[in-house]
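K.L.:
What follows is a structure written as structure tokens; I'll ask about it next.
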Amino acid sequence: MDARIQPLPFDLATLRGLSEKLLASHHQNNYGGAVKRLNAIRMQLAAMPCASTPGFQLNGLKREELIATNSMLLHELYFASLGGNSEPMAPAMALALTANFGSVERWREEFAAMGKALGGGSGWVLLSFQPREGTLVNQWAADHAHALAGATPILALDMYEHAYHLDHGAAAGVYVDTFMENIYWARVYERYQQAVHAASEPFGATQDEVAGSMLLDVRRAGVFERATAMIPGAAWFDPSVVDRWASELPAGRSVMVYCVYGHEVGRSTAMRLRAMGLDARYLRGGFDGWQAAGRPVEAKHPRPRR
């Protein structure tokens with residue numbers, strides 16, 4: 001099947017510090033060229049008698065297929081990462097970055113520094129969801145062939161010179177700062193949600209499976225502070241510092257976590273606890289679903305912050 005060139009997901013005139021000429025050239029020549037190259041490679045592979053083709057020829061063509069495919073996919077993610085208009089980051093996205101990097105500022109510092117370190121060379125900086133540990137990581141990639149196995153990239157910074165040279169010359173650092181100001185965080189958050197939901201489905205539990213588990217309320221701190229009720233027997237644990245309190249949980253006992261709706265906060269927390277060796281699951285529907293089903297709740301009681 002032929003790959004098709006996808007249109008830019010934003011108005012060329014809306015990005016600050018990245019010209020229409022640069023963006024159009026990047027999309028048409030670099031991204032579009034990768035798509036056309038991939039289709040040509042696929043055509044050659046389809047006609048190739050693999051059993052009788054010398055190994056070096058087959059390996060070389062498959063390598064080029066990998067490079068062209070990742071170039072296409074990462075360019076599409078790069079363009080989908082742009083178009084923000086300084087809109088605030090969703091609180092749950094900020095929580096995810098804080099839980100994995102210590103703070104949004106620390107994430108931003110590392111991500112931007114990685115991009116600037118690639119200046120004058122080539123490659124990508126990717127923010128990826130790593131399902132084995134339920135974490136977000138900043139990934140370095142020197143070319144299109146580098147990928148973190150099993151991870152889902154949700155934000156991509158193109159550090160090949162074609163991404164910035166027309167506007168910024170050799171000033172790669174200025175380009176990185178410009179990119180950071182144009183991130184479309186709503187789309188990044190949607191991709192994060194999708195990645196977490198897809199990876200965490202096997203670890204969901206029904207309301208009838210709560211009994212006998214250690215029950216953890218992991219609603220965001222701001223949400224919990226405004227709440228008036230919680231599920232009986234639960235204790236609140238701050239999901240932004242899960243690494244700090246996970247060691248307090250007893251080994252060998254099943255753990256059930258719940259957030260407001262059973263979305264990415266509870267799901268990612270359960271995945272991180274599972275990676276630490278705990279039998280952790282998340283409550284499908286979260287506290288909202290529990291309450292809507294007429295299940296018992298109790299007045300929120302003071303708990304030491306963890």
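K.L.:
Where does each of 12, 215 land when they are ordered by accessible area, with a 1.4 Å probe and the largest first?
P.N.:
I get 12, 215, largest accessible area first.
K.L.:
Using only the alpha-carbon atoms, how far is helix 264-275 inclined from the longest principal axis of the chain? Give it as 0 to 90 degrees, nearest 10.
P.N.:
Helix 264-275 sits roughly 90 degrees off the main axis of the chain.
K.L.:
Under 19 Å Cα to Cα from residue 300, which aspartates and glutamates show up? Leave out anything in the same chain fewer than 8 places away.
P.N.:
Qualifying aspartates and glutamates at Cα under 19 Å: 217, 225, 238, 288.
K.L.:
Here's another thing I want to ask about it. Please report, in cubic angstrom per residue, the volume enclosed by the convex hull of the alpha-carbon atoms of region 130-285.
P.N.:
About 139 Å³ per residue, rounded to a whole number.
K.L.:
If you don't mind, there's one more thing I want to ask. What is the magnitude of the charge dipole of region 149-263 about its Cα centre, with +1 placed on the Cβ of each Lys and Arg, -1 on the Cβ of each Asp and Glu, and no other charges, expressed in debye to the nearest 20?
P.N.:
Charge dipole, region 149-263, about its Cα centre: 340 debye, nearest 20.
K.L.:
Another question, if that's okay. Using DSSP to call loops (not H, G, I, E or B), can you name the trypsin sites (Lys or Arg not before Pro) in region 84-156 whose Cβ has at most 13 other Cβ atoms within 10 angstrom?
P.N.:
When the trypsin sites (Lys or Arg not before Pro) of region 84-156 are filtered for loop state and at most 13 Cβ neighbours within 10 Å, 132 remain.
K.L.:
Can you show me the helix-derived [θ] at 222 nm for the chain, built from DSSP H runs with n ≥ 4 at -39,500 (n - 2.57) apiece and divided by the number of residues, rounded to the nearest 500.
P.N.:
Calculated mean residue ellipticity at 222 nm is -13000 deg cm²/dmol.
K.L.:
Moving on to the next point. Could you give me the ³J(HN,Hα) list for region 137-150, computed from phi with Karplus coefficients 6.51, -1.76, 1.60 and θ = phi - 60°, whole Hz, x at Gly and Pro?
P.N.:
9, 8, 10, 8, 9, 6, 7, 5, 8, 8, 8, 7, 4, x
K.L.:
Could you point to the residue in 85, 224, 173 farthest towards the positive end of the chain's charge dipole, with +1 and -1 charges on the Cβ of Lys/Arg and Asp/Glu respectively?
P.N.:
Sorting the options by dipole projection puts first 224.
K.L.:
Could you check how much of the accessible area of region 81-159 is carbon and sulfur, as a whole percent, using a 1.4 Å probe?
P.N.:
55
K.L.:
Turning to a different aspect of this structure: How large, in percent, is the carbon and sulfur part of the accessible surface of region 190-306 at a probe radius of 1.4 Å?
P.N.:
50
K.L.:
Using mean Cβ contacts within 10 Å as the protection proxy, how do 294-300, 198-204 order, highest first?
P.N.:
198-204, 294-300
K.L.:
Sorted by mean Cβ packing within 10 Å, highest first, what order do the peptides 148-155, 259-266 take?
P.N.:
Sorting 148-155, 259-266 by mean packing, highest first, produces 259-266, 148-155.
K.L.:
Using a 10 Å cut-off on Cβ atoms, rank the peptides 83-91, 122-130 from the highest mean neighbour count down.
P.N.:
Descending mean neighbour count gives 122-130, 83-91.
K.L.:
Give, as a single signed number, the net charge of other residues whose beta carbon lies under 14 Å from the beta carbon of residue 108, with Lys and Arg counted +1 and Asp and Glu -1.
P.N.:
Around residue 108, the surrounding residues sum to -3.
K.L.:
A follow-up question, please. Quick check for me: using +1 on Lys/Arg Cβ and -1 on Asp/Glu Cβ, what's the dipole size of region 62-207 about its Cα centre, in debye to the nearest 20?
P.N.:
That gives region 62-207 a dipole magnitude of about 300 debye.
K.L.:
With viscosity set to 0.890 mPa s at 25 °C, what whole-number translational diffusion coefficient in µm²/s follows for region 202-257 from Stokes-Einstein and a Kirkwood radius over Cα pairs?
P.N.:
Translational diffusion coefficient: 198 µm²/s.
K.L.:
Quick check for you: with a 1.4 Å probe and neighbouring chains kept, what is the accessible area per residue of the chain, in Å²?
P.N.:
Roughly 47 Å² per residue, with all protein chains present.
K.L.:
For the chain, what's the relative contact order in percent, using C-alpha pairs closer than 8 Å and at least 6 residues apart?
P.N.:
Normalised by residue count, the contact order of the chain is 17 percent.
K.L.:
Could you tell me which of 184, 164, 153 has its Cα farthest along the dipole of region 140-195 towards the positive end, charges placed at Cβ (Lys, Arg +1; Asp, Glu -1), taken about the Cα centre?
P.N.:
Going by the Cα projections, it comes out as 153.
K.L.:
Can you check what the net charge comes to around residue 272, using other residues whose Cβ is under 9 Å from the Cβ of residue 272 (Lys, Arg +1; Asp, Glu -1)?
P.N.:
Summing Lys/Arg as +1 and Asp/Glu as -1 gives -1.
K.L.:
If you place +1 on the Cβ of every Lys and Arg and -1 on the Cβ of every Asp and Glu, how big does the dipole about the Cα centre of the chain come out, in debye to the nearest 20?
P.N.:
It comes to approximately 520 debye.
K.L.:
Of the options 3, 242, 99, report the single residue whose Cα projects farthest towards the positive end of the charge dipole of the chain (beta-carbon charges: Lys, Arg +1; Asp, Glu -1).
P.N.:
242
K.L.:
Taking amide H atoms as placed 1.01 Å from N in the peptide plane, list the residues 5 or more away in sequence, or in a different chain, whose amide H sits under 5 Å from that of residue 135.
P.N.:
Close amide H contacts, sequence-distant or interchain: 130.
K.L.:
Turning to a different aspect of this structure: Just tell me which lysines come within less than 29 Å, Cα to Cα, of residue 36; anything on the same chain fewer than 8 places away is out.
P.N.:
Output for residue 36: 21, 62.
K.L.:
Could you compute Rg(Cα) / (2.2 N^0.38 Å) for the chain, with N its residue count?
P.N.:
Output field value: 1.17.
K.L.:
Additional query: Kindly write out, for region 110-122 in residue order, the coupling ³J(HN,Hα) from the Karplus curve 6.51 cos²θ - 1.76 cosθ + 1.60 (θ = phi - 60°), rounded to whole Hz, with x marking Gly and Pro.
P.N.:
Once rounded to whole Hz, the list reads 5, 4, 5, 5, 5, x, 5, 5, 8, x, x, x, 6.
K.L.:
Note the direction-averaged projected area, equal to a quarter of the hull surface, for the Cα convex hull of region 217-288, in nm².
P.N.:
4.4
The values are calculated or read from the model by the stated rules, or taken from the named source; none is laboratory data. The structure presented is a predicted model; accordingly, all values stated were derived computationally and were not measured. Quick reminder, even Gly has a Cβ in these numbers, built from the backbone with ideal geometry, and neighbours come from all protein chains shown. Just so you know, the surface numbers come from the protein's heavy atoms only, side chains and all, with ligands and any DNA or RNA stripped out. Shrake-Rupley method; radii C 1.70, N 1.55, O 1.52, S 1.80 Å.
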